[in-house]
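Worksheet: the structure to be examined is printed underneath.
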Amino acid sequence: MKLKTLSVAMILATVPMTGAFAAAMDRTGQSISAFLQPGNYAEAGLSVLDADVSGKDALGNNTGDMAASYHSASAALKIQATDNISVGLLFDQPFGAKAQYNSDNHMFATQTPTGREGTSAEVTTENLTLLVGFQPNANWNFYAGPVWQQAKGEVHLRGQAYGGNTQFGSYDATMKSADAWGWAAGVAYQIPEIALKTSLTYRSEIKHKLDATETGGFGTVIFSQNPAFTPGKTEVTTPQSVNLDFQTGIATNTVAFANVRWVNWDGFSITPNYFGQALKGNPARVADTLVQYDKDQWTINAGVGRKFSEKWGANVSVGWDSGAGNPVSTLGPTEGYWSLGLGAQYSPASNYFIQGGVKYFWLGDAQALTAGSNNVGQFKDNHAIGYGMKIGYKF
């Protein structure tokens, strides 16, 4: 059974990660599918995640929706330089977090000199991955290359969960943008005649040292001016990961696909320099970090893609994510998910296409805790919706 007419459906197998809402701060799944497309290829995409995460604080009051929506961009360029050598440049925003608590909840908000404010935080990263592949024959592809990553973040702690108007409940930090290097490597195998394609990709951890401006007392106390504290940078290490991707033709114009992803979140933490030193002097603390995770993440997505005509195709997928431990940080109080996704593709011509996808997430329940106190909230029965669009061009 030859399935060379599956070109549209095979590309559709890249859709299921659209709008990912994974454990900890994993956002994109770090796919390299664009690099494994045949010939010369370019793509650009945008996904949006709209989550509704709420619960009850330690006093039984509603927290309101604390999950701010966010978008994530991606782009890729792949050149088949010779019959045996390919080069690819991939851009994505793999890790991040965005939280904004309602200013009416006393546990996570307080009155400041400029008005009432809720706890908020945002972390963003950007990746550029350069891959060089060697194809000794039509079936195998061995690839590796450097990864450049930029990271930055800011956090504003407010409310009784962090100690009211103490230095923790009036704490602000801005971690300035900094870059660092890692690497990626993998191997892929394909049998084009039956639309079989599988790949295994490893990405290294990347260690950042960020300059951070930290203050307490709603900006009036500058920790760097206190001789009791030692100056230093904030060290953050984004985790190593492994992706296993598989797809195969199962009938004329139909493919099945699956992705398994492991991310080494166990031991991950974000501890701004002065924040960590101040916590050590707090007898009520239960940890010395602002954010931490104690379990690795496993994510599985699987589905079926089908080509209906030369211009139209679609897919359906289901997903599961293990989470990265529970209790979790108040800045991301969910533990894993189940998901259902739908994708469609329109190809006006054989050399380019437009994809769209939507995915619904049933988010896992979680307990929330802070670095300076015990569990401060229960978050249950939450959900998220992801939307995505991608344009691809073969040349």
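Examine the stretch 63-80 for a residue that is among the charged types (D, E, K, R), more than 23 Å from ALA24 (Cβ to Cβ), surrounded by fewer than 17 Cβ atoms within 10 Å (Cβ to Cβ) and at pLDDT 95 or above, and state whether such a residue exists. No - not one qualifying residue is present in the stretch 63-80. Residues in the stretch 341-354 that are part of a strand (DSSP E or B), in contact (Cβ under 8 Å) with a residue 24 or more places away in the chain and surrounded by fewer than 24 Cβ atoms within 10 Å (Cβ to Cβ): LEU342, ALA344, TYR346, SER347, PRO348, TYR352, PHE353, ILE354.
Checking ASP381, ASP365 one by one, the residue that is free of Cβ contacts under 8 Å to residues at least 40 places away in the same chain and exposed (fewer than 15 other Cβ atoms within 10 Å of the Cβ) is ASP381 and no other.
Taking each residue of the stretch 25-54 that is among the acidic types (Asp, Glu) and looking for partners that are surrounded by fewer than 22 Cβ atoms within 10 Å (Cβ to Cβ) and modelled with pLDDT of 90 or more with beta-carbon atoms closer than 6 Å, six or more apart or interchain, yields GLU43/GLY392; ASP50/ILE385; ASP52/ASP65; ASP52/HIS383.
Being in contact with a helix residue (DSSP H, G or I) (Cβ under 8 Å, 6 or more places away or on another chain) and modelled with pLDDT of 95 or more holds for only one residue in GLY145, GLY133, and it is GLY133. Given the condition among the aromatic types (Phe, Trp, Tyr), farther than 30 Å from LYS280 by Cα and outside any loop (DSSP other than H, G, I, E, B), answer yes or no: does some residue in the stretch 374-384 qualify? No, because not a single residue in the stretch 374-384 is among the aromatic types (Phe, Trp, Tyr), farther than 30 Å from LYS280 by Cα and outside any loop (DSSP other than H, G, I, E, B).
For the stretch 106-115, the condition holds for no residue, the condition being that it is closer than 30 Å to ALA384 by Cα, of a type outside the set (A, V, I, L, M, F, W, C), crowded, with 20+ Cβ neighbours inside 10 Å and under 20 Å from the mean Cα position of the chain (by Cα). Listed by first and then second residue, the pairs with beta-carbon distance under 7 Å, at least 6 apart or on different chains, first residue in the stretch 72-90 and free of Cβ contacts under 8 Å to residues at least 40 places away in the same chain, second of a type in the set (Phe, Trp, Tyr), are ALA75/PHE91. Would it be correct to say that LYS176 is of a type outside the set (A, V, I, L, M, F, W, C), assigned to a strand (DSSP E or B) and within 30 Å of THR110 (Cα to Cα)? So LYS176 passes the test.
The values are calculated or read from the model by the stated rules, or taken from the named source; none is laboratory data. For clarity, every value in this text was computed on a predicted model and none was experimentally measured. Cβ atoms come from the backbone with ideal geometry, glycine included; neighbour counts cover every protein chain shown.
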